[in-house]
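The values are calculated or read from the model by the stated rules, or taken from the named source; none is laboratory data. All figures in this text were calculated on a predicted structure; none of them were measured in a lab. Quick note on the areas: whole protein, heavy atoms, side chains included, nothing else; ligands and nucleic acids left out. Shrake-Rupley method; radii C 1.70, N 1.55, O 1.52, S 1.80 Å.
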Amino acid sequence: VTKSKQRRQKKNLKITKEMTGATIDATALVWGSAAIGFAPFACFFFQIVYPKSQLLIVSTSSAFFFLLASLFASLLWYILDPAIGLSSAWSALIPGVFFQFVFRCGFVALYHKVEAVIELSFEKTEEEQHHAASSGDDPDPTQHADLQAAKKKLALNDAACALAAGTGFGGLHAILLFGS
């Protein structure tokens, strides 16, 4: 009785060691896949987007637009699938691509409107300063310097904002794809 019990214990120990090895391999695979999936997002986010609050707002806004596109695509699929009986991958793919396109275009349109309002605000402030200087009032010389510093600090150039928007869209996609 003791030999058969010892054999079972050895067999169980061997199985446990094999399972632990498989678990370690699976854990390494999960961490490696996560590093591949999140490394580009982390590099762009922490080196380019995070240091500037304006780019962080752009990135967060684009991530929100990605969520809206996903919501509308899933709602359309949820409504049409039982009604029409679409059971192929195309029934989910076509609305997903369509709504991603629509909401990305909507994000770009909103971005350009916000950029125009910011530029208009700067122009209005410059006109007020110029009017105050030409009317003989004693203008504060620091106001002009402050306005120029604010323009340089804002610096919504297209390359940085495009990277921030792409980081928002792509980062949230990576988080939803690999993180869930």
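Applying 0.36 nm per residue to the separation of Lys5 and Gln129 and subtracting their alpha-carbon distance, the gain on full extension is 35.3 nm.
Across the protein chains, with a 1.4 Å probe defining accessible surface, the residues Asp158, Asp81 rank Asp158, Asp81 from largest area downward.
Extension gain for Ile48-Ala28 works out to 4.3 nm (0.36 nm per residue, less the C-alpha to C-alpha distance).
Remark: segment 57-63, residue by residue, has Karplus-estimated 3J(HN,Hα) of 5, 4, 5, 5, 5, 5, 5 Hz, where x stands for each Gly or Pro and the curve is 6.51 cos²θ - 1.76 cosθ + 1.60 at θ = phi - 60°.
What segment 16-138 shows is 72 Å² of accessible area per residue, with the surface traced by a 1.4 Å probe over protein heavy atoms.
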